[in-house]
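Below is one structure; the comments refer to it alone.
The values are calculated or read from the model by the stated rules, or taken from the named source; none is laboratory data. Not measured: the values here are computed from a predicted model. Methodologically, a virtual Cβ is constructed for each residue, glycine included, from the backbone with ideal geometry; neighbour enumeration extends over all protein chains shown. Protein only, heavy atoms only, side chains kept; ligands, DNA and RNA dropped before computing areas. Shrake-Rupley method; radii C 1.70, N 1.55, O 1.52, S 1.80 Å.
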Amino acid sequence: MKRKLIISLFSVIIILVGIYWYADRELIALKTGSTLPLQWDTPYNNDEEPIQLTEQNQDLKNPNIHLTELYYLPTSKKLQFGLWYSKRDYQPNQSKKIPDRIFQVTILDENGNLFEEDTVVKTEGLFDEFQRRSISIDLDNQDSIEITISLIGQDGTTITPIESTSINVPLDKIKQR
């Protein structure tokens, strides 16, 4: 009897893991890098070769999010990457005035120019949400950039960062091409 219970429990666990992997297969592919987090302006103009700027995914604290490798499209002049987070931790909450967008990404270049207009494509999983981010920026003649990701609150049109993390990204790989 005890053996049948253990086999049944083990079978249920395997089935639940299989359902999770099947339901989140697109999200898992984006998180692991099997699918690059790139957005194309047109489906017919996607032969541009991206330059990978960072070597691995990064885990950030305050806010608690994860970033994929960063990619730069030199012809389109776009920085692209993905970020994902637990839906349980960060949900749109009107009582806290946190908008549907939840996170704001800004880039500061060496000349002091601030870039914050980005395109967001969301992919929802069972427990996580993945956002593909694309920001138009010319990285030629730059040595590094600073990327700031902020959890935001919004009151009307006023956006207030609640907590932020900044990372410095060297651009050596763009100069090597």
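Some observations on this one:
- Rounded FRET efficiency, nearest 0.05, which uses the C-beta distance separating residue 17 from residue 60 and R0 of 30 Å: 0.65
- Using heavy atoms of the protein chains and a probe of 1.4 Å, the accessible area assigned to residue 136 is about 70 Å².
- With at most 15 neighbouring Cβ atoms within 10 Å, loop GluC sites (Glu not before Pro) (DSSP) excluded, longest segment of the chain: 118-177
- Accessible area of the chain belonging to carbon and sulfur atoms, whole % at 1.4 Å probe: 52 percent
- Normalising by residue count, region 1-55 has a Cα convex hull of 104 Å³ per residue.
- Of 122/173; 78/122; 87/173, pairs whose Cα-Cα distance is over 22 Å: 122/173; 87/173
- For the chain, the longest principal axis of the C-alpha atoms and the axis of helix 2-23 are separated by about 30°.
- For the chain, the solvent-accessible area works out to 61 Å² per residue, with a probe of 1.4 Å and every protein chain left in place.
- Computed from the alpha carbon atoms alone, the convex hull of the chain holds 154 Å³ per residue.
- Excluding the site residues themselves, the longest part of the chain lacking any chymotrypsin sites (Phe, Trp or Tyr not before Pro) in a DSSP loop with at most 15 other Cβ atoms within 10 Å is 45-126.
- Residue-averaged 222 nm ellipticity for the chain, from DSSP H runs of 4+ at -39500 (n - 2.57), nearest 500: -6000 deg cm²/dmol
- For the pair region 23-88 / region 101-146, the C-alpha centres are spaced 10 Å from each other.
- Among 150, 50, 91 the positive-end extreme of the charge dipole of the chain (Cβ point charges): 91
- Computed extension gain for residue 113 through residue 25, at 0.36 nm per residue and net of the alpha carbon distance, reaches 27.9 nm.
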